[in-house]
There are 2 protein chains.
Amino acid sequence: MKTRVTELLGIRYPIIQGGMQWIGRAELVAAVSNAGGLGVLTALTQPTPEALADEIERCRRMTDRPFGVNLTVLPTTTPPPYDKYLDVVIDCGVKVLETAGSNPKEFIQKARAAGVKVVHKCTSVRHALSAERNGVDAISIDGFECAGHPGEDDVGGLVLFAAAARQLSVPVIASGGIADGRGMAAALALGAEGVNMGTRFCATRKAPIHPNIKQALLDAGERDTNLIFRTMRNTGRVLKNAISDEVVATERRPGGCEFKDIHHLVAGARGRATLESGDVDGGLVWASQVVGLIDDVPSCAELIERMVAECREVFRDGALAFS
Amino acid sequence: MKTRVTELLGIRYPIIQGGMQWIGRAELVAAVSNAGGLGVLTALTQPTPEALADEIERCRRMTDRPFGVNLTVLPTTTPPPYDKYLDVVIDCGVKVLETAGSNPKEFIQKARAAGVKVVHKCTSVRHALSAERNGVDAISIDGFECAGHPGEDDVGGLVLFAAAARQLSVPVIASGGIADGRGMAAALALGAEGVNMGTRFCATRKAPIHPNIKQALLDAGERDTNLIFRTMRNTGRVLKNAISDEVVATERRPGGCEFKDIHHLVAGARGRATLESGDVDGGLVWASQVVGLIDDVPSCAELIERMVAECREVFRDGALAFS
């Protein structure tokens, strides 16, 4: 399957595994890349730049196909050494950098000057246009359905992907709400040239997540996510569970909500502990509305081959039926 | 273009003009039906059942193609004579009834017994399954992007259409977020067998709406809608303007909001006055996020022919590119 995205990234199918904290490790990444997609390591899953270099090396021993590294740049009081992580990406000869968070012009320029392709992930057309002006090679755009941070605009993928494809010159990768070949065909029909999936890849065999969490993703329907941190304008979409329900209830209570009101609920509740322990109600788990369309835990190769076959079938059948 | 929806409704293209209060009048409806889609009159736009019978007759003088009537059943203290409106639909030999609001089993059965096809409009898979059990012929399902009432689940069309198509036996009509042939192809790819459009048909020549309002739809981007009445659990998506911004601000203020707090803003601000006066900031105007994809005011025939051609092209190109 050839699109500008497959050409740009040197991959067989326009399917990208989105950068996910604690989950984007070598086993999953290599499985995706070996299956013809693009696996993406998450830089900040590694405690130090040196550990990232080791993880890249470990991934390379598992696949000779291209893979990427995600670097999410957020304003914090004690930022990680982003520069040094980027140096590792460049020095290790990684082919693709996925940037997210703020739109770091200097990182983009440095990476591109070193021959690294840059895909910037964002949640609105105006941010995508800004990243395009800063020289990125492609845009991965997250619709309202997505796991993690959908932004505050709440524009569904059906409209957002089409709007982005109309307005951008660089290729668009559709992200959020896609889990199968039908969703992939829909994204391509809207003008995207590739798809990015996070939640769907969490429910695959090599995802480093406790089986209980994978089962919870299978059990969930399309209504079983919550939007949290809305009052902080840092909205995140997570699996509906006891903790996220309580966060939502607190944020909605009359009188307003400050971070201190929910701090006890979320402190220590996020991150790797929950993914590793399998205590589904023990913490916050990013999840897209696409959980409603996930029914099994295949290998990445099975998933990708099935998606591509279904996507092709949709286009072939549509061309026949609607000629 | 043949799908179960075109067969069921006796139309050439699987494109339906959704029932819209004050807008679903004979001129627009006939234009859509003459162009090969299904135009839909709104019963309650007419002050009495007798006036609806006259409107049906007027529409029939403008088209010999099938058209439908929408009957939106809502619990109110002084309900309109729903039964009598339904009798008019049946007695006048209208071919298609679009029900919305609650899921009136007895109306569905009465209409079907009289040979009228029933399309029920709803916003969630569970309500669609309930309507299917009650015997409807097709489901029109509204995603989060839609104008008017998206419900309280907030599931994007990309996921909702696919989930509905997987779980229902009757054909699914995708509604909300569709304005062009790409969106139509995406909906069909997801498993829908037709598309329903409201906002897009508002920006056509025969829509009985002041030119200023049509211009406002063209000017708006995908971020230019507001969700109002969220605090009343009767959410509506409207065009962003001075009034809807103020409603949203009031609903979000700490301390909570009751209907009396926004009553002065919305009393008299809804409905036909605004559509007719063209005072864009004078009232509330239903609008889908798809306003971000609307750039012109074509005739219904131009719009539908263009959509169908683009949809066919998307499938044909996809079949070639991804074989």
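The values are calculated or read from the model by the stated rules, or taken from the named source; none is laboratory data. As the structure is a computational prediction, the values presented were derived from the model and not from experiment. Quick reminder, even Gly has a Cβ in these numbers, built from the backbone with ideal geometry, and neighbours come from all protein chains shown.
What single numbered condition from (1) over 19 Å from residue B:190 (Cβ atoms); (2) among the hydrophobic types (A, V, I, L, M, F, W, C); (3) away from every other protein chain (no Cβ under 14 Å) fails to hold for residue A:173?
(1)
Could you tell me whether region B:12-20 includes any residue that is crowded, with 20+ Cβ neighbours inside 10 Å, of a type in the set (Val, Ile, Thr), touching a residue at least 60 places away in the same chain (Cβ under 8 Å) and within 14 Å of chain A (Cβ to nearest Cβ)?
Restricting attention to region B:12-20, the residues satisfying the condition of being crowded, with 20+ Cβ neighbours inside 10 Å are B:13-20.
When the remaining residues are screened for being of a type in the set (Val, Ile, Thr), the result is B:15-16.
Still in the running and touching a residue at least 60 places away in the same chain (Cβ under 8 Å): B:15-16.
Now restrict to residues that are within 14 Å of chain A (Cβ to nearest Cβ): B:15.
Among the residues of region B:12-20, at least one is crowded, with 20+ Cβ neighbours inside 10 Å, of a type in the set (Val, Ile, Thr), touching a residue at least 60 places away in the same chain (Cβ under 8 Å) and within 14 Å of chain A (Cβ to nearest Cβ), which makes the answer yes.
Inside region A:151-168, can you point out the residues that are buried (at least 24 other Cβ atoms within 10 Å of the Cβ) and touching a strand residue (DSSP E or B) at 6+ places or on another chain (Cβ under 8 Å)?
Kept after step one, since they are buried (at least 24 other Cβ atoms within 10 Å of the Cβ), are these residues of region A:151-168: A:155-164.
Listed by number, the residues that qualify are A:157, A:160, A:161, A:164.
Suppose we filter region A:306-323 for residues that are surrounded by 18 or more Cβ atoms within 10 Å (Cβ to Cβ) and either more than 8 Å from chain B (Cβ to nearest Cβ) or modelled with pLDDT of 95 or more (or both); how many remain?
In the first step, residues of region A:306-323 are kept if they are surrounded by 18 or more Cβ atoms within 10 Å (Cβ to Cβ); the result is A:307-308, A:311-312, A:314-315, A:318-319, A:322.
Subsequent filtering for residues that are either more than 8 Å from chain B (Cβ to nearest Cβ) or modelled with pLDDT of 95 or more (or both) retains A:307-308, A:311-312, A:314-315, A:318-319.
Here the count works out to 8.
Among the residues of region A:200-252, write down those that are at positive phi and within 14 Å of chain B (Cβ to nearest Cβ). Let's see the steps before the verdict.
Our first condition is that a residue be at positive phi; within region A:200-252, this holds for A:229, A:233.
A:233 - this is the single residue of region A:200-252 that is at positive phi and within 14 Å of chain B (Cβ to nearest Cβ).
Has region A:111-125 got any residue that is over 19 Å from the mean Cα position of the chain (by Cα), part of a helix (DSSP H, G or I), small (Gly, Ala, Ser) and crowded, with 16+ Cβ neighbours inside 10 Å?
For region A:111-125, residues over 19 Å from the mean Cα position of the chain (by Cα), part of a helix (DSSP H, G or I), small (Gly, Ala, Ser) and crowded, with 16+ Cβ neighbours inside 10 Å: present.
Six or more apart or on different chains, Cβ atoms under 8 Å: show the pairs whose first residue is in region A:179-190 and within 7 Å of chain B (Cβ to nearest Cβ) and whose second is polar (S, T, N, Q).
If the second residue must be polar (S, T, N, Q), the pairs left are A:188/A:3.
Let's see how each residue does on (1) under 14 Å from the mean Cα position of the chain (by Cα); (2) β-branched (Val, Ile, Thr); (3) not assigned by TED's automatic domain parsing to the domain that holds residue B:239:
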site: B:153; (1), (2), (3): no, no, yes
site: B:163; (1), (2), (3): no, no, yes
site: B:177; (1), (2), (3): yes, no, yes
site: B:187; (1), (2), (3): no, no, yes
site: B:192; (1), (2), (3): no, no, yes
site: B:199; (1), (2), (3): yes, yes, yes
site: B:202; (1), (2), (3): yes, no, yes
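Among the numbered criteria (1) in contact with a Phe, Trp or Tyr (Cβ under 9 Å, 6 or more places away or on another chain); (2) touching a residue at least 24 places away in the same chain (Cβ under 8 Å), which one does residue B:108 miss?
(1)
What's the number of the only condition in (1) under 20 Å from the mean Cα position of the chain (by Cα); (2) within 14 Å of chain A (Cβ to nearest Cβ); (3) of a type in the set (A, V, I, L, M, F, W, C) that residue B:286 fails to meet?
Of the numbered conditions (1) under 20 Å from the mean Cα position of the chain (by Cα); (2) within 14 Å of chain A (Cβ to nearest Cβ); (3) of a type in the set (A, V, I, L, M, F, W, C), the odd one out for residue B:286 is (2).
Could you tell me which residue of region B:2-28 is nearest to the chain's Cα centre (by Cα), considering only residues that are assigned to a helix (DSSP H, G or I) and more than 18 Å from residue B:310 (Cβ to Cβ)?
Filtering region B:2-28 down to residues assigned to a helix (DSSP H, G or I) leaves B:4-9, B:26-28.
Checking the rest, the ones that are also more than 18 Å from residue B:310 (Cβ to Cβ) come to B:4-5, B:7-9, B:26-28.
Working: B:4: 19, B:5: 16, B:7: 20, B:8: 18, B:9: 16, B:26: 16, B:27: 17, B:28: 13 Å.
For region B:2-28, the residue satisfying everything is B:28.
Determine which single condition residue A:77 fails, assuming it passes every other condition in (1) over 22 Å from the mean Cα position of the chain (by Cα); (2) of a type outside the set (A, V, I, L, M, F, W, C); (3) in a helix (DSSP H, G or I).
Just one mismatch for residue A:77, condition (3).
Given the conditions (1) surrounded by fewer than 21 Cβ atoms within 10 Å (Cβ to Cβ); (2) on the phi > 0 side of the Ramachandran plot, which single one is not true for residue A:176?
(1)
Go through B:303, B:239, B:275 for me and flag whichever is out of contact with any Leu (no Cβ under 7 Å at 6 or more places or on another chain), crowded, with 19+ Cβ neighbours inside 10 Å, modelled with pLDDT under 90 and under 23 Å from residue B:177 (Cβ atoms).
When all the criteria are applied, what remains is B:275.
Among the listed residues A:266, A:290, A:247, which satisfies the condition of being surrounded by 14 or more Cβ atoms within 10 Å (Cβ to Cβ) and modelled with pLDDT of 95 or more? Even if it seems obvious, please write down each step before you answer.
Working: A:266 fails: modelled with pLDDT of 95 or more; A:247 fails: modelled with pLDDT of 95 or more.
Within the list A:266, A:290, A:247, the selection yields A:290.
Give region B:145-176 a look and list any residue that's touching a helix residue (DSSP H, G or I) at 6+ places or on another chain (Cβ under 7 Å) and part of a loop (DSSP other than H, G, I, E, B), or say none.
B:145, B:147, B:155, B:156, B:168, B:169, B:170, B:171, B:176
Restricted to region B:198-236, and to residues that are out of contact with any helix residue (DSSP H, G or I) (no Cβ under 8 Å at 6 or more places or on another chain) and closer than 26 Å to residue B:98 by Cβ, which residue is surrounded by the most Cβ atoms within 10 Å (Cβ to Cβ)?
Across region B:198-236, the extreme among qualifying residues is B:198.
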